[in-house]
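The values are calculated or read from the model by the stated rules, or taken from the named source; none is laboratory data. A quick note: this is a predicted structure, and the numbers were derived from the prediction, not measured. Heads up, the Cβs are rebuilt from the backbone with ideal geometry, glycines too, and the neighbour counts pull from every protein chain shown.
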Amino acid sequence: MIKVSDLFKSVPVGEGILEILKGISFEIKSGESAAIVGVSGSGKSTLLGLLAGLDTATAGDVVIDGVSLAGLNEDKRAALRAEKVGFVFQNFQLLPALTALENVMLPLELSGAESPADKATEFLQKVGLADRLMHYPATLSGGEQQRVAIARAFAAEPMLLFADEPTGNLDGDTAEKIIELVFSLNTSAGTTLILVTHDQRLAARCQRRFAMENGHLSEVQ
Amino acid sequence: MRYRTGTLSPWLLLKRDWRGGELGILILASALAVTVVVGMSAFVASLQATLTDESKRFLAADRVVVSDSRPDDQWREQATGLGLASANTLAFPSMAVTATDIFQLVSVKAVETGYPLKGDLLISEAPYGPIERSGDVPPPGEIWLAPRLYSLLEVALGDSLWIGDAKLTITGTVRREPDATSGTYGYGPRVLMNLADIDATGVVQPGSRVSWRLLLSGNEGALDNFTQWLEPQLGQGQRLLGAEGDQPRVGRTLERAQGFLLIAGSLAVVLAASAIALAARRFAERHTDSVAIMKSLGAAQSAISQLYGTSLFLVGLIGSAIGCALGWLVGYFFLSLFGEELGVTQPALSLAPFVIGGVTALVCLGFFAWPPLARLSAIAPLRVLRSDIKIDSDHSRLDYVMGIAAVSVLMWWYSSDLALTLAVMAGLLIVVIAGMGFALLLLSGGRTIGSSVGSIWRFSLAGLQRRRRASALQMVIFAIAIMLMLVLVIIRGALVDQWQAQLPPGTPNHYVLNIAPEEQDALTAFFDQYQLARQPQFPMTRGRVMSVGGEALAEYGTESDAPRQREANFTYAWDLPEDNELVAGEWWSTDTENYEVSLEKEFAERLGATVGSTLVLRIGSEELEAAVTSIRQVDWQSLKPNFFVIVPPPVLAPFPKTFFTSFFLPEEQKSLLNDVVKAFPTMTIIELDIVVSEIRQIMSRVAQAIEVVLGVILLAGGLVLIAGVRASVDARVKESALLRAMGASKGLILGAITFEFSVLGALAGCMAIVGAEVAAWGLQTQVLDLRYVPTVWVWPVGILAGVVIIASLGLWSCRHVVSTPPVVVLREL
């Protein structure tokens, strides 16, 4: 499903160059769930950005469902994301000007799905927000906002779901419920899940675990 | 195109964003720019048409051939052949005599059917009876009189009156002629008779001092053809009026007003463009995260561009529609102000102003709003993971250059005046560049002061320091907005003051000529008896310039293109008269015994005389030689006595002279004129009251128009200030929310915000004062032809306005920092 080969990422810092990722390779099969753990600044988010095609690598390649990201320009990468990729972010990343329903409809419209409103409503019901469809993000609690984000991620039925510290901004109980929601939806949809977290409990729920340290990635057995 | 519906519909984007405030500013600013441009262009176009119409009305025709001999009949045949209407008039002074042998000098005008070709001849039957619009002229054998002639001559309707040998019956009263104020003024009250009776009078002989006018009207093409055909045939004493370049007396006043409106309109567009740029920038900043999210979810760059491009187009459309409607109203208002005064039917508003308005909106939004929005599509989607990734602003300098170029081209287009455009733009650029440097310097100074003062001040000054560049830019923007508003207030004051100074209440509206030296005291006593404001009496001697630099001039009336002898009223004076400006040479000293002469500029040009030329002057039968020692520019529009030729008093001492004065006669005392004429039958009175009241009425209308424009400018300036304050509100709100979360009191936060904006406002006010004075000087002296006087009252007002307006707007924009829990504020950001 996703294959990463010899991935490097470096950025200019002052007069020097900072190497964030130093030759990362791994492969995740369709339907698998994987957690990437590491301390702050270890390069987890940089790797996630490259895997999702949000950024370009200095060297190496990421292949999603047989499509090499290295050969795609930004618009083609965007089209690939619209078709195959979903996101759940630590800070939810909902559009403040859109209602819960419209936020969920957005990726459906971008991928050209039919009846986006019906589908968005269905997924908001699934995450328990049937009575919050017309609410704007600012009027929702953190847990509710993350549930909207989860509904948005799954509604487009992506083959690949990236989650960046999905419980990082939530309290313990709410985080627990969100974890349950993500995994249950993931199981029913058969989506490939790549999760970046420093929460070992969350990582333990995944089938595979990778540790990120000093720009290198190693699988933890 | 599928994104034009659903959550990515531009309409929904606009609807949802309305709360943010920037859209309101964008729409208002573009509407304002369009309003100003549509209103101004409609008005200026109509004003030009009106000026032309007005000049035609004063001529009573589209073109007039003035001649001191009867115009060639062939000219009328040619005009008729070209489809032009024509009519001859003949004017001359003559003595009217009644059956009871009462004599009175009158201004005779003999007209023929068709007169006037433009404007209306108003008549009544009884002297002061109801006015009947007349489409006719006195039939042969009849004569119409000016109202006051009835009492002067002690006649009534139906009585007979002799003009020369012709006996004519009085059948009507002339109340108003369209061309009463054009060209020469009448000597004595008007009588109107039929041209067919002229031969019978026997008063017009070869060599008589008469003024023939061939009036012509018709379409412009035929008139131009006629002009081209006629001009080579015009001889001495003949000239054509009404072609381009001839302006009525009020022309210069209206031209100044038009110049002011063009400058004001252009500045309003600059202000609106600035407000648009600021609002669009903040709009884009607020949308950065949303675009990153959309892109992370798969939106292509083109979709983002399309979304924001269409939204901006809609903003432009709404703004233009509102602007066109308001502009039409402004134009209509201006026209209604002037339509009645100038007595012309105003042309309908044409499409052109709306096209200019639309192009203005397009340029303002395209060059000022679109660049930051266009860059939105280039935002890296990675921003969803790393909020430190900023929008690419490498091209913003190019945007500024393009924006300035675009506004310059627009201004040039509106004004068709490259010098004016370059002057205004150069002034603005200097203010921006010098202002940025000055602002950065001031803010550096603030750090030193800030370290030694209380917490509110320290926090405020630290805030300004932290956003040093942004604060400096904001300060410059505030300064420019305040500056432009001050400039217009100053210039408007100068324009109105100057007009009022030109024609203050009590401006003399009657001239008295031919006052004999022994009548001087009696006339003064008469004025004092009736408490009439009088002016000094100027000595006057009729003389003729015979030769210039030893070259004898051709005789008056001869066919020659070379300078010819000129007859004029000479006066003497020790001092340079008020309203006269020396343009060459030097004024004589008060003890000179030299034979010197000072000439009016155009008079000198027509004679071919310059400083140093020796003139031979003939006064009566004597000739004397005098050297030209100065050339003067005379303001003929001041309506004060002015002379072509002035000499030192000893030069005219041996010659007989009469005196000349002017006085103000209120409308309600008009009948007193008859008493003056009866008491001083040898004096000649010229009535200028119609001209004075017309000019004054037009000036008051212009002042009203300027008030409206000023209001629009203040609104545009206010928008810039609001947009400027809002540009930094997010950062301030966030900082304040953090401080509140850490326990800072509301008082401290509000105090710090107030102080920070007050400092910005005060510094901007200081910069604005300097800029405004410099700009006002440039515009008044170089563009509007006005005198510059420093406007001291503006200095404290500028600073106070800066502090009060900016602090109020700042506080208002940040008000919810203290009224909303910090957590909500922080969550919204």
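Hey, among B:SER296, B:SER320, which residue is among the hydroxyl-bearing types (Ser, Thr, Tyr) and within 14 Å of another protein chain (Cβ to nearest Cβ)? Just a single option satisfies the conditions, and that option is B:SER296.
Filtered by the rule that a residue be under 20 Å from B:VAL204 (Cα atoms) and either modelled with pLDDT under 80 or touching a strand residue (DSSP E or B) at 6+ places or on another chain (Cβ under 6 Å) (or both), the range B:146-168 gives B:LEU161, B:TRP162, B:ILE163, B:LYS167, B:LEU168.
Condition test on B:TYR556, is it at pLDDT 85 or above and among the hydroxyl-bearing types (Ser, Thr, Tyr)? No; evaluated as a whole, the condition is false for this residue. If the condition is being within 22 Å of B:GLY265 (Cβ to Cβ) and touching a Leu at 6+ places or on another chain (Cβ under 8 Å), then the range B:296-332 contributes B:VAL315, B:GLY316, B:GLY319, B:GLY323, B:TRP328, B:GLY331, B:TYR332. Can you tell me which residue within the range A:5-48, out of those that are crowded, with 22+ Cβ neighbours inside 10 Å and aliphatic (A, V, I, L, M), is farthest from A:MET212 (Cα to Cα)? Here the residue is A:LEU7. Note on the range A:71-96: residues that are at the interface with chain B (Cβ under 7 Å from one of its Cβ atoms), over 30 Å from A:THR174 (Cα atoms) and out of contact with any Gly (no Cβ under 8 Å at 6 or more places or on another chain) amount to 2. For A:THR46, the criteria (1) polar (S, T, N, Q); (2) in contact with a Leu (Cβ under 7 Å, 6 or more places away or on another chain); (3) more than 14 Å from every other protein chain (Cβ to nearest Cβ) hold in every case but one, which is (3).
Within the range A:118-133, being crowded, with 19+ Cβ neighbours inside 10 Å and either facing another protein chain (nearest Cβ under 9 Å) or of a type in the set (S, T, N, Q) (or both) holds for one residue alone: A:THR121.
Is it the case that B:GLY810 is more than 26 Å from B:ILE276 (Cβ to Cβ) and either touching a Lys or Arg at 6+ places or on another chain (Cβ under 6 Å) or not polar (S, T, N, Q) (or both)? When the stated conditions are applied, B:GLY810 does not pass them.
Yes/no matrix, rows are residues, columns are (1) closer than 13 Å to B:VAL545 by Cα; (2) without any contact (Cβ under 8 Å) to a residue 40 or more places away in the chain; (3) among the basic types (Lys, Arg):
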{"site": "B:ASP575", "(1), (2), (3)": "no, yes, no"}
{"site": "B:GLU581", "(1), (2), (3)": "no, no, no"}
{"site": "B:TRP587", "(1), (2), (3)": "no, no, no"}
{"site": "B:THR590", "(1), (2), (3)": "no, yes, no"}
{"site": "B:GLY608", "(1), (2), (3)": "yes, no, no"}
{"site": "B:LEU615", "(1), (2), (3)": "yes, no, no"}
{"site": "B:THR629", "(1), (2), (3)": "no, no, no"}
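Could you go through the range B:48-70 and let me know if any residue there is among the hydrophobic types (A, V, I, L, M, F, W, C), modelled with pLDDT of 70 or more and in contact with an Asp or Glu (Cβ under 7 Å, 6 or more places away or on another chain). Yes, the range B:48-70 has at least one match. Picking from residues in the range B:19-47 that are modelled with pLDDT under 70 and under 23 Å from B:PHE283 (Cβ atoms), the one that is farthest from the other protein chains (Cβ to nearest Cβ) is B:GLY21.
When the range B:379-409 is filtered for residues that are charged (D, E, K, R) and at pLDDT 85 or above, only B:ARG383 remains. When the criteria are applied in full, B:ALA481 fails the requirement of being touching a residue at least 24 places away in the same chain (Cβ under 8 Å), touching a Pro at 6+ places or on another chain (Cβ under 9 Å) and either hydrophobic (A, V, I, L, M, F, W, C) or surrounded by 19 or more Cβ atoms within 10 Å (Cβ to Cβ) (or both). Would you be able to say whether some residue in the range B:301-317 is within 14 Å of chain A (Cβ to nearest Cβ), buried (at least 24 other Cβ atoms within 10 Å of the Cβ) and farther than 26 Å from B:LEU32 by Cα? Checked the range B:301-317: at least one residue is within 14 Å of chain A (Cβ to nearest Cβ), buried (at least 24 other Cβ atoms within 10 Å of the Cβ) and farther than 26 Å from B:LEU32 by Cα.
In the range A:135-221, counting only helices (runs of 4 or more DSSP H) that sit wholly within it, the ones holding 3 or more residues that are more than 14 Å from every other protein chain (Cβ to nearest Cβ), over 12 Å from the mean Cα position of the chain (by Cα) and crowded, with 17+ Cβ neighbours inside 10 Å span A:172-189.
In the range B:248-269, the residues that are at pLDDT 70 or above never reach a residue that is part of a helix (DSSP H, G or I) and of a type in the set (D, E, K, R) with C-beta atoms less than 7 angstrom apart, at least six apart or across chains. Report whether or not A:ASP61 is over 19 Å from the mean Cα position of the chain (by Cα), more than 14 Å from chain B (Cβ to nearest Cβ) and either modelled with pLDDT of 90 or more or under 26 Å from B:MET294 (Cβ atoms) (or both). Taking the combined requirement at face value, the residue does not satisfy it. Is the range B:176-195 home to any residue that is within 30 Å of B:PRO130 (Cβ to Cβ), more than 44 Å from the chain's Cα centre (by Cα), modelled with pLDDT of 85 or more and not in a loop (DSSP other than H, G, I, E, B)? Scanning the range B:176-195 turns up no residue that is within 30 Å of B:PRO130 (Cβ to Cβ), more than 44 Å from the chain's Cα centre (by Cα), modelled with pLDDT of 85 or more and not in a loop (DSSP other than H, G, I, E, B).
Only residues that are more than 7 Å from every other protein chain (Cβ to nearest Cβ) and of a type outside the set (Ser, Thr, Tyr) were counted in the range A:97-117, giving 8. Residues of the range B:501-540 being in contact (Cβ under 8 Å) with a residue 12 or more places away in the chain, of a type in the set (S, T, N, Q) and over 16 Å from B:PHE659 (Cβ atoms), which ones? Passing the criteria: B:GLN502, B:THR507, B:ASN509. Beta carbons closer than 6 Å, at least 6 apart along the sequence or on distinct chains, pair a first residue in the range B:803-829 that is part of a helix (DSSP H, G or I) with a second that is modelled with pLDDT of 80 or more and of a type in the set (S, T, N, Q) for B:VAL803/B:SER758; B:ALA807/B:THR754; B:ALA807/B:SER758; B:LEU811/B:THR754. Name every residue in the range B:517-532 that is surrounded by 14 or more Cβ atoms within 10 Å (Cβ to Cβ) and either under 37 Å from the mean Cα position of the chain (by Cα) or modelled with pLDDT under 85 (or both), in order of residue number. Hits for the range B:517-532 are B:PHE527, B:LEU532.
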